[in-house]
Amino acid sequence: MRKPFEKDWRYSWARIWCDDAIRSIFSSIKSEGKENIPKDGAVLLAPNHCNTLMDALVILQDWKEATLFGARADIFRKPAVNRILRFLKILPIPRVRDGVQAVLENHKTMEEVVECLDHGMKYCMFCEGTHRPKHSLLPLKKGIVRTALLTNEKIRGRKPVYIVPVGLEYQDYYRIRTPMSIRYGEPVNVTELAASNPGMVKSKLYKLILEILRERISSLFTCLPDDETYDGRWSLTKISGQDTAMAAGEEMINRAGEFDLRRKSERISSWSFGRRKPLLRIIGKTLAGIIMLPLVLFSTVVSAPMWLLSEYLAAKIKDKAFVRTARFGVKFAIMPLMLIVWGLVFFLCLPFKMAALAFLLALGSYTVFYEALERGRIFISDIRLLIGHKKLKDTYKHLITNQV
């Protein structure tokens, strides 16, 4: 089996389709701070972990070269799954709950990670240890520091070792065709910290590095206190920004939380508030919808089997954070088959030029369909807000002007 840092044409071709599929799930993916990635050393990426597999995939699509990832060891138990995951450049990370033998095998995984880092491959590790769809940060696990210090010992003198904090910011954790951003922050120079604290007890060095890393990760996305004020602060953040939410008093926080609950119960999108000339916007959206209707209807027919499968899987998933992952998986796995089927239908039933055009439109049908659903949801919300809900509008005005 090839080593993860060795080039594999099969992986390269799979990446093209995978990257396209993940980008189609979002309306936009904004990347900032790539200039902070050191070019002179071994690089470990340390993102916050809030959206299951999506977190790894959005980071992967941000780089032309391959990125190494870690995943919990228990999913590697079946040989076929083990081969697939390793092909995808994902290595097993044993946990204490996996048993003593699995933890002992962690040494082998670390050797592979160090070898990949030494060959210039980036290694991404979600140092919270688990995902959680919230704009906050769990306590960081020391595994990433252990990996960085082990790498520093193995490649001592050849290159420095860095941990680069990464902030992942999602506008919505569950809906597709919504925006998100990736921000890379100031790297933590592990080699320098270890050299400048030669006599420090290892546990204290771990704590020092984790404190610096936590501070830098939390500065890269909307990171709110994980307490009873969280829901109200997040509601206020969407209205007035994080600074206002963090400085707000209890009364304003509670009012923002109540506003959000009422808004949701009335099925009003947060995107509908604060719009200038709402009537003109609705008229413009109506005209655009009429113009785009033939494409939307075509995309609906073509993507209907995938949409039905996506919704069926979404209904079966208990952890709703995996819903977006399921929809991505359907496009990644089923779309090629659907294109083959529809391609045969088009080219057997239509003139060549019309068939070619229909096939090209089919390539983007899944994206167009879900984009139309999201735009339609907001359009209906705009109409609801325009014709009523005066109390909601007044509350929003008070919150946006910081008036209780």
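The values are calculated or read from the model by the stated rules, or taken from the named source; none is laboratory data. Source: prediction; values computed, not measured. Every residue, glycine as well, gets a Cβ built from its backbone with ideal geometry; the counts of neighbours run over all protein chains shown.
Data table
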quantity	calculated
Residues located in region 240-250, provided they are assigned to a helix (DSSP H, G or I) and either buried (at least 20 other Cβ atoms within 10 Å of the Cβ) or in contact with a strand residue (DSSP E or B) (Cβ under 9 Å, 6 or more places away or on another chain) (or both)	Ala245
Filtered residue count, region 353-404, keeping only those that are farther than 27 Å from Leu279 by Cβ, surrounded by fewer than 16 Cβ atoms within 10 Å (Cβ to Cβ) and among the hydroxyl-bearing types (Ser, Thr, Tyr)	0
Residue selected from region 128-174 under the condition among the small types (Gly, Ala, Ser) and closer than 13 Å to Ile209 by Cβ, by the criterion modelled with the highest pLDDT	Ala148
Condition check for Val345: β-branched (Val, Ile, Thr) and either touching a residue at least 40 places away in the same chain (Cβ under 8 Å) or under 18 Å from Thr178 (Cβ atoms) (or both)	no
Complete set of residues in region 200-239 that are of a type in the set (A, V, I, L, M, F, W, C), over 30 Å from Val161 (Cβ atoms) and not in a helix (DSSP H, G or I)	Leu224
Leu350 under 30 Å from Trp271 (Cβ atoms) and either surrounded by fewer than 18 Cβ atoms within 10 Å (Cβ to Cβ) or modelled with pLDDT of 95 or more (or both)	no
Residue ranges of helices (runs of 4 or more DSSP H) in region 57-127 with at least 2 members at pLDDT below 80 and farther than 19 Å from Val145 by Cβ	79-87, 100-104
Flag for Leu138 being surrounded by fewer than 20 Cβ atoms within 10 Å (Cβ to Cβ), in the same structural domain as Val188 (by TED's automatic domain parsing), hydrophobic (A, V, I, L, M, F, W, C) and part of a loop (DSSP other than H, G, I, E, B)	yes
Residues located in region 15-33, provided they are part of a helix (DSSP H, G or I) and either in contact (Cβ under 8 Å) with a residue 24 or more places away in the chain or of a type in the set (Val, Ile, Thr) (or both)	Arg15, Ile16, Trp17, Cys18, Asp19, Ala21, Ile22, Arg23, Ser24, Ile25
When residues of region 1-28 are limited to those that are of a type in the set (Phe, Trp, Tyr) and surrounded by 16 or more Cβ atoms within 10 Å (Cβ to Cβ), the one farthest from the chain's Cα centre (by Cα)	Phe5
Every residue from region 197-216 that is within 13 Å of Arg146 (Cα to Cα) and of a type in the set (Val, Ile, Thr)	Ile209
One residue from Ala288, Ala304, Ala321, Ala315 being closer than 21 Å to Lys134 by Cβ and assigned by TED's automatic domain parsing to the domain that holds Val368	Ala321
Failed item, numbered, when Lys202 is tested on (1) within 20 Å of His135 (Cα to Cα); (2) exposed (fewer than 15 other Cβ atoms within 10 Å of the Cβ)	(1)
Test: residue in region 34-56 that is in contact (Cβ under 8 Å) with a residue 60 or more places away in the chain, under 28 Å from Tyr366 (Cα atoms), out of contact with any helix residue (DSSP H, G or I) (no Cβ under 9 Å at 6 or more places or on another chain) and surrounded by 15 or more Cβ atoms within 10 Å (Cβ to Cβ)	yes
Residue in region 212-234 that is over 24 Å from the mean Cα position of the chain (by Cα) and of a type in the set (A, V, I, L, M, F, W, C) present	no
